[in-house]
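S.K.: Before anything else, here's the structure in question.
The values are calculated or read from the model by the stated rules, or taken from the named source; none is laboratory data. As the structure is a prediction and not an experimental result, all values here were calculated from the model. As a convention, Cβ positions derive from the backbone with ideal geometry for all residues, glycine included, and neighbour counts pool all protein chains shown. Note: accessible area is taken over every heavy atom of the protein model, side chains too, but ligands, DNA and RNA are not part of it. Shrake-Rupley method; radii C 1.70, N 1.55, O 1.52, S 1.80 Å.
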Amino acid sequence: MKAFVIGIIVSTILANGVVFKLPSKYNTKLQDYKDKNGGVEYSLSTFGEFYYSEVESLSVFATNEDNEFGCSRMNHPKSETKKFVWIVERGKCNYKAKAIQAEESGAAAVLVYHDEFLADVNNIIPSGDHLKNKVNIPVVLIQREVGDIIIEALRNNEKVSVDFDFSIVF
């Protein structure tokens, strides 16, 4: 007996997306930018790989202030022995160039915060496909306001982590 499926439309959404874990004083500042699931607005790159069934907390690190855009070599954080994420500002080089630098330092992903306030990051797709390099890590673009809060916490030596939850919900 053969079974046929005709005309079924399945609505899919991504679970929680990008969720930051911060000390409470920063979490309060972040509250205005969270959605109902506790995540923030984001856009994923057209390159790199995410494992959609895994959710894990990754430590977030800021690059040195002289490399805030992530366009040059990033040194692996000496204190970090597991997967981690760099956060850098948008601009000066394309998203893929940032990902190449981050991947070479051992990062699992790159968070790029927009360089303009109140930007609609949902309508921007991080790319850089004209570079021929194969990049295995993704770029996640977030709003400047969120990035500024994360950078402030990191500059004050606070621990920041991020959960990427891109599991698909039907």
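S.K.: Could you list, in sequence order, all residues of region 111-134 that are surrounded by 17 or more Cβ atoms within 10 Å (Cβ to Cβ) and modelled with pLDDT of 85 or more?
M.R.: Selection gives Leu111, Val112, Tyr113, His114.
S.K.: Residues to consider are Gly17, Gly39, Gly7; find the one that is within 13 Å of the chain's Cα centre (by Cα), at pLDDT below 85 and at positive phi.
M.R.: On inspection, the qualifying residue turns out to be Gly17.
S.K.: Here is a follow-up. Among the residues of region 51-82, how many are modelled with pLDDT of 80 or more, within 16 Å of Ile100 (Cα to Cα) and part of a loop (DSSP other than H, G, I, E, B)?
M.R.: 9
S.K.: All but one of (1) over 16 Å from Gly147 (Cβ atoms); (2) open to solvent by 90 Å² or more (accessible area, probe 1.4 Å) hold for Ala108, so report the exception by its number.
M.R.: So Ala108 meets the others, but not (2).
S.K.: Sticking with this structure for a sec: Restricting attention to region 89-125, which residues are closer than 18 Å to Thr46 by Cβ, in a strand (DSSP E or B) and in contact with a strand residue (DSSP E or B) (Cβ under 9 Å, 6 or more places away or on another chain)?
M.R.: Matches in region 89-125: Ala109, Val110, Leu111, Val112.
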